[in-house]
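Here is the structure we will look at.
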Amino acid sequence: MTPPPAAAARLDSAPIPLPEKKSAVRKAPARADRPFKGIALILASTVFLGISDVTAKYLSATLPSIEIAWIRFVVFALIMTPAMMPGSPLFALQTNRPGLQLMRGVTVLASSLFFISGLRFLPIAEASATGFVAPLLVTALSIVFLGEKVGMRRWIATGIGLIGVIIILRPGTGAFHPAAFFPLVSALAWACTLIMTRMMSGTERAITVMTYSSIVGVCILSALVPFVWVTPSWHDIAFGIFIGVASTAGQWIVVLAFRYADASVLAPFSYTQLLWVSVLGFLIFGEVPDAYTVTGAAFIVASGLYTAHRERVRRSQLLAVPGEPSPNA
């Protein structure tokens with residue numbers, strides 16, 4: 001899956017303490033309040049990410065999921081190469097949290113790999129809608145890992161989102177496909193990714209986070225891909241490279257978008273990715289989302305929007321209290 005790295009994007013807008021040593025991580029770019037530019041960028045990102053997902057589904061008919069993910073991460077790593085070279089102005093391997101960076105890289109890989117695996121068997125609209133439950137899972141995980149307090153309204157919103165997932169998947173009926181667990185596991189892995197990104201907020205730059213994700217993904221997949229290797233055609237390689245470029249571009253555009261607007265402002269527009277994958281799924285694969293998928297997606301989107309609203313309210317309340325830390329710290 002290639003969901004927008006919302007929390008990762010916040011790294012560039014988080015305040016970073018002044019470094020005491022020259023080798024310390026450089027301060028992230030300052031944030032500007034230009035919401036319309038942020039909205040335009042997030043809309044553009046959904047096009048890239050949606051096209052990347054549709055292309056991955058198309059390629060899954062001829063290549064194993066691990067191989068598709070491997071090609072994608074190889075391209076990702078090649079794009080991030082300048083950030084890996086000492087002496088380069090973009091060098092970004094200096095980190096205060098190497099262990100957390102590696103763990104986050106594993107969850108990013110898991111999210112992508114399980115989502116691509118699901119695309120082989122599921123309609124793309126169904127898989128994408130299920131994957132968007134990730135921000136809701138963050139609500140539960142934030143209690144354990146971030147020590148946050150979650151109010152009743154956010155729990156109700158999370159419950160509504162999970163009801164939407166049940167409507168889409170319809171477990172216990174003839175319409176249920178075991179592969180439906182793949183996008184669910186992908187969403188859980190992405191939720192863990194967002195939690196770890198929050199834990200690094202204020203100390204790590206977005207380029208550092210993305211660089212480590214590319215390195216971890218390439219290393220793990222390079223060890224796995226020989227076991228499932230299918231010699232790709234030039235056609236397959238071209239589409240694999242396109243997936244890597246489109247997904248990386250989409251994620252970078254999201255990073256830029258969050259420099260101009262808050263998550264609560266941009267969240268509603270990130271769901272337009274569901275529209276793109278549904279349209280492309282119909283045009284390329286002849287897939288028409290059924291009433292269950294549309295209804296379930298509506299539940300998930302509604303609960304996600306309300307959760308984003310409560311996060312904005314919660315943040316404004318905390319910032320209004322003197323000495324209270326930011327919820328993203």
To the nearest 0.05, what FRET efficiency results for Ser88 and Trp229 with a Förster distance of 30 Å applied to their C-beta separation? 0.40
Per residue, in Å², the accessible surface of segment 121-198 once ligands and nucleic acids are set aside, probe 1.4 Å: 41
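Hey, if we sort Ile243, Ile51 by accessible area with the 1.4 Å probe, largest down, what's the order? List each step's numbers first, then the result.
Details: Ile243 5, Ile51 60 Å².
Most to least solvent-accessible, the answer reads Ile51, Ile243.
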For segment 50-111 versus segment 174-223, the gap between their alpha-carbon centres in whole angstrom: 10
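Which percent of the accessible heavy-atom area of segment 53-199 goes to carbon and sulfur, probe 1.4 angstrom? Spell out each step's value before the answer.
Details: 4430 of 5850 Å².
The C+S portion of the solvent-accessible surface of segment 53-199 is 76 percent.
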For Ala298, project a label point 7 Å along Cα to C-beta. Then give me every residue of segment 275-291 with its amide nitrogen under 20 Å of that point. 275-279, 288-291
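Quantify, in whole percent, the carbon and sulfur part of the accessible surface of segment 220-292 (1.4 Å probe; protein heavy atoms only).
Details: 2810 of 3680 Å².
Roughly 76 percent of what the probe reaches on segment 220-292 is carbon or sulfur.
I'd like the FRET efficiency for Thr81 and Ala61, computed as 1/(1 + (r/R0)^6) with the beta carbon distance as r and R0 of 35 Å, rounded to 0.05.
That pair, Thr81 with Ala61, gives E of 0.70.
The values are calculated or read from the model by the stated rules, or taken from the named source; none is laboratory data. Just so we're clear, the structure is a prediction, and the values are computed from it rather than from any experiment. Cβ coordinates were reconstructed from backbone atoms using ideal geometry, including for glycine residues, and neighbour counts include every protein chain displayed. Note: areas computed on protein heavy atoms with side chains; ligands, DNA, RNA excluded. Shrake-Rupley method; radii C 1.70, N 1.55, O 1.52, S 1.80 Å.
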